[in-house]
Amino acid sequence: MRTVQVSRSQIEALSRALEPKSPEEILALCAAALGDRAAIMSSMQWADNLLCAYAQRAGLALDVLFVDTGLLHPETLAARDELVRTHDRLRVRTLAPSESFAAQTKRLGLYVTVEGQKACCDLRKSDPLAAIRGEHDLFVSSLRRDEGGRRAKIGVVELDTALGVLRVHPFALASSASLRERSRASDVVAHPLH
């Protein structure tokens, strides 16, 4: 694996350069620059599914990384299955924790404290992604500034030092309302809980 060093100022300059581009243009640039080293992150919520529809429409052959925590609603798994069925250019990869929730709870107990809940989240969500570290150089996600909180300051491009990837957020500057309207297109997989 080749290591490339980038500075914060380079990341910020790239982020600013991509800001005027449409989400579709940003997604296409990611795929053109990195090919199968770029992947879409998805929890199957509506904005993720819109991002997948954009990739499918553009004929981009990308991995879609979906973490099945073992605690998801059946509707979420059904949305994943529908995405697999209808988006044949995309390769949906289901990642899972190394042990079942029951085994984890038996080994560590229930998570009744904030610290325990964070540890559970790390084991169920973060660790499956860490297990594939090095397979991709770029993760595309549907985060938006208008979601508020820590997301209010996200750049179009950021560096994830824990996983050693660039994180690209094509929807960072878009309003959730405009994206929600676009997500009603017939080729966007609907998730009944979102």
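Please work out which residue is surrounded by the fewest Cβ atoms within 10 Å (Cβ to Cβ), limiting yourself to the stretch 37-46 and to residues that are touching a helix residue (DSSP H, G or I) at 6+ places or on another chain (Cβ under 8 Å) and in a loop (DSSP other than H, G, I, E, B).
43
Within the stretch 158-165, is even one residue surrounded by fewer than 18 Cβ atoms within 10 Å (Cβ to Cβ), at pLDDT below 95, small (Gly, Ala, Ser) and closer than 27 Å to residue 61 by Cα?
Checked against the condition, which is being surrounded by fewer than 18 Cβ atoms within 10 Å (Cβ to Cβ), at pLDDT below 95, small (Gly, Ala, Ser) and closer than 27 Å to residue 61 by Cα, the stretch 158-165 yields at least one hit.
For (1) surrounded by 16 or more Cβ atoms within 10 Å (Cβ to Cβ); (2) without any contact (Cβ under 8 Å) to a residue 12 or more places away in the chain; (3) in a loop (DSSP other than H, G, I, E, B), each residue gets a yes or a no:
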| position | (1), (2), (3) |
| --- | --- |
| 56 | yes, no, no |
| 59 | no, no, yes |
| 69 | yes, no, yes |
| 78 | no, yes, no |
| 81 | no, yes, no |
| 94 | no, no, no |
| 98 | no, no, yes |
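List pairs: first residue in the stretch 147-173 and under 23 Å from residue 36 (Cα atoms) and touching a residue at least 60 places away in the same chain (Cβ under 8 Å), second residue open to solvent by 40 Å² or more (accessible area, probe 1.4 Å) and β-branched (Val, Ile, Thr) anywhere in the structure, Cβ distance under 7 angstrom, at least six positions apart or on different chains.
159/6
Of all residues in the stretch 1-36, count the ones that are assigned to a helix (DSSP H, G or I), closer than 30 Å to residue 80 by Cβ and open to solvent by 70 Å² or more (accessible area, probe 1.4 Å).
Looking only at that region, the number is 6.
Which one is nearest to residue 18 (Cα to Cα) among residues in the stretch 128-156 that are touching a strand residue (DSSP E or B) at 6+ places or on another chain (Cβ under 9 Å) and open to solvent by 50 Å² or more (accessible area, probe 1.4 Å)?
So, considering only residues that are touching a strand residue (DSSP E or B) at 6+ places or on another chain (Cβ under 9 Å) and open to solvent by 50 Å² or more (accessible area, probe 1.4 Å), the one nearest to residue 18 (Cα to Cα) is 137.
The values are calculated or read from the model by the stated rules, or taken from the named source; none is laboratory data. Note that the coordinates shown come from a computational prediction; the quantities given were computed from them, not determined experimentally. Methodologically, a virtual Cβ is constructed for each residue, glycine included, from the backbone with ideal geometry; neighbour enumeration extends over all protein chains shown. Just so you know, the surface numbers come from the protein's heavy atoms only, side chains and all, with ligands and any DNA or RNA stripped out. Shrake-Rupley method; radii C 1.70, N 1.55, O 1.52, S 1.80 Å.
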